[in-house]
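Undergrad: Before I ask anything, here is the structure I am working with.
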Amino acid sequence: MEKKLGAILIVVQDRSAVKKLQEILTQYASIIKSRQGINIQEEGYNVITLVVQGDNDTLNALTGKLGRISGLKAKIISLNIKKEEI
């Protein structure tokens, strides 16, 4: 299956969602290439960005699980990139 490169933006609005979020990210650690967290305290939320690489089914499964967590929102952008294009 062809691998895709993706970026996932996660906005955590309720800190009670963090435990479940961390469990899911640990399950998918093998496809997470980079993770950055930013606390936007004055607005009352946190932002996590992930760079991921995997097949379409795995990326969709991860994003779907994240989307079912109450208290956060997640969105993915993905690209098909072939080695000769890099």
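Undergrad: Please report, in whole Å³, the volume per residue of the convex hull around the C-alpha atoms of the stretch 25-74.
TA: Working: hull volume 3.8 nm³, N = 50.
Residue-normalised Cα hull volume stands at 75 Å³.
Undergrad: What is the packing order of peptides 74-82, 47-55, taking the mean over residues of other C-beta atoms within 10 Å and listing the highest first? Display every interim value, and only then the final one.
TA: On the way: 74-82: 13.1, 47-55: 17.3.
Ranked from most to least packed, the peptides come out as 47-55, 74-82.
Undergrad: What distance in nm separates the simple spin-label points at Ser16 and Ser34, each placed 7 Å from Cα in the Cβ direction?
TA: Once both label points are built, they end up 3.4 nm from each other.
Undergrad: Could you tell me what a quarter of the Cα convex hull surface of the chain works out to, in nm² with one decimal place? All intermediate terms of the calculation are to be shown ahead of the outcome.
TA: Working: hull surface 23.1 nm².
For the Cα atoms of the chain, the hull's average projected area reads 5.8 nm².
Undergrad: Do the sum for the chain: with -39,500 (n - 2.57) for every DSSP H run of n ≥ 4, divided by all residues, what is the mean residue ellipticity at 222 nm, to the nearest 500 deg cm²/dmol?
TA: Working: 2 runs with 22 residues, N = 86.
Calculated from helices alone, the mean residue ellipticity at 222 nm is -7500 deg cm²/dmol.
Undergrad: Also, quick follow-up: Please report how many Lys pairs in the chain have alpha carbons closer than 18 angstrom, counting only residues at least 8 apart along the chain or sitting on separate chains.
TA: 17
Undergrad: For the chain, what is the relative contact order in percent, using Cα pairs closer than 8 Å and at least 6 residues apart in sequence? Don't skip to the end; give the middle numbers.
TA: Numbers: 144 pairs, mean separation 40.8, N = 86.
It rounds to 47 percent for the chain.
Undergrad: Also, quick follow-up: What is the gain in length, in nm to one decimal, between Lys82 and Glu2 on full extension, counting 0.36 nm per residue of separation less the C-alpha to C-alpha distance?
TA: Details: separation 80, 0.36 × 80 = 28.80 nm, distance 0.89 nm.
Extra length available between Lys82 and Glu2 comes to 27.9 nm.
Undergrad: Let me ask something additional. Grab the other residues whose beta carbon is less than 15 angstrom from that of Tyr28, score K and R as +1, D and E as -1, and report the net.
TA: Values: positive: Lys3, Lys4, Lys20, Lys33, Arg35, Lys65, Arg68; negative: Glu23, Asp55, Asp57.
Net charge around Tyr28: +4.
Undergrad: Hey, got a sec? Which trypsin sites (Lys or Arg not before Pro) in the stretch 17-55 land in a DSSP loop and have at most 14 other Cβ atoms within 10 Å? Intermediate results must be reported in sequence, preceding the final value.
TA: Details: sites: Lys19, Lys20, Lys33, Arg35; in loops: none.
Those that pass, being in a loop and sparsely packed, number zero.
Coordinate-derived values only; no laboratory data. On a predicted model such as this, the values are computed, not experimentally measured, just so you know. We place every Cβ from the backbone using ideal geometry, glycine too, and count neighbours over all the protein chains shown.
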